[in-house]
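The values are calculated or read from the model by the stated rules, or taken from the named source; none is laboratory data. Here the structure is a predicted model, which means the values were calculated and not measured. So basically every Cβ, Gly included, is an ideal-geometry build from the backbone, and we count neighbours across all protein chains shown.
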Amino acid sequence: MIDIIETFLADKGIYMMTFILMGLGILGMISCGNYMKKIMCMNIMQVSIIFFFLALGQKEQGTLPVVVQNLLGADAYINPLPHALMLTAIVVSLGTTGVALTLLMKIKEIYGSIEEEDITGKGWKK
């Protein structure tokens with residue numbers, strides 16, 4: 001039984017980590033009342049999506065897409081497209097975070113707080 005679990009985690013561990021990170025990000029977005037924490041959870045979700053696509057773009061025994069003398073077929077190379085797209089996603093993530101932090105500073109300036117309960121006036125009913 002332990003061997004099966006170890007084999008599964010060795011093969012699919014990165015996907016499990018991706019889903020755990022996505023779950024933590026979603027849970028944080030739902031449960032946190034602080035807007036700064038919501039921005040951090042949004043970044044965790046973005047990182048999990050980037051991990052997922054990068055793991056999807058890998059293959060065993062694949063090498064960089066640079067011409068090598070003995071490798072003639074395309075099967076020996078990894079696909080560079082997911083990596084290029086994820087570089088773009090990282091740049092968009094930084095831009096999104098910058099805009100969110102700027103808006104958060106403006107919210108703090110106007111309302112004097114970054115707590116959702118203070119801004120909306122609606123607290124969690126316990």
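Values as computed for the structure displayed
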quantity: Criterion: modelled with pLDDT under 95, under 30 Å from Gly121 (Cα atoms) and among the aliphatic types (A, V, I, L, M) - qualifying residue of Ile5, Ile44, Ile110; calculated: Ile110
quantity: Hits in segment 29-56 - residues which are closer than 17 Å to Ile114 by Cβ and not hydrophobic (A, V, I, L, M, F, W, C); calculated: Ser31, Gly33, Asn34, Tyr35, Lys37, Lys38, Asn43
quantity: Residue match in segment 23-42 (condition: over 21 Å from the mean Cα position of the chain (by Cα) and either in a helix (DSSP H, G or I) or of a type in the set (S, T, N, Q) (or both)); calculated: no
quantity: Among the candidates Met17, Met1, Met29, Met36, residue that is under 20 Å from Met86 (Cα atoms) and either surrounded by fewer than 16 Cβ atoms within 10 Å (Cβ to Cβ) or out of contact with any Pro (no Cβ under 7 Å at 6 or more places or on another chain) (or both); calculated: Met17
quantity: Which numbered condition Ile49 fails, given (1) surrounded by fewer than 16 Cβ atoms within 10 Å (Cβ to Cβ); (2) hydrophobic (A, V, I, L, M, F, W, C); (3) in contact (Cβ under 8 Å) with a residue 12 or more places away in the chain; calculated: (1)
quantity: Residue within segment 94-111 that is surrounded by 12 or more Cβ atoms within 10 Å (Cβ to Cβ) and not in a helix (DSSP H, G or I) present; calculated: no
quantity: Filtered residues of segment 52-78 (kept if part of a loop (DSSP other than H, G, I, E, B) and surrounded by 13 or more Cβ atoms within 10 Å (Cβ to Cβ)); calculated: Gly57, Gly62, Pro65, Ile78
quantity: Ile119 on the phi < 0 side of the Ramachandran plot and free of Cβ contacts under 8 Å to residues at least 12 places away in the same chain; calculated: no
quantity: Subset tally (residues that are modelled with pLDDT under 90 and under 13 Å from Tyr35 (Cβ atoms)) for segment 113-126; calculated: 5
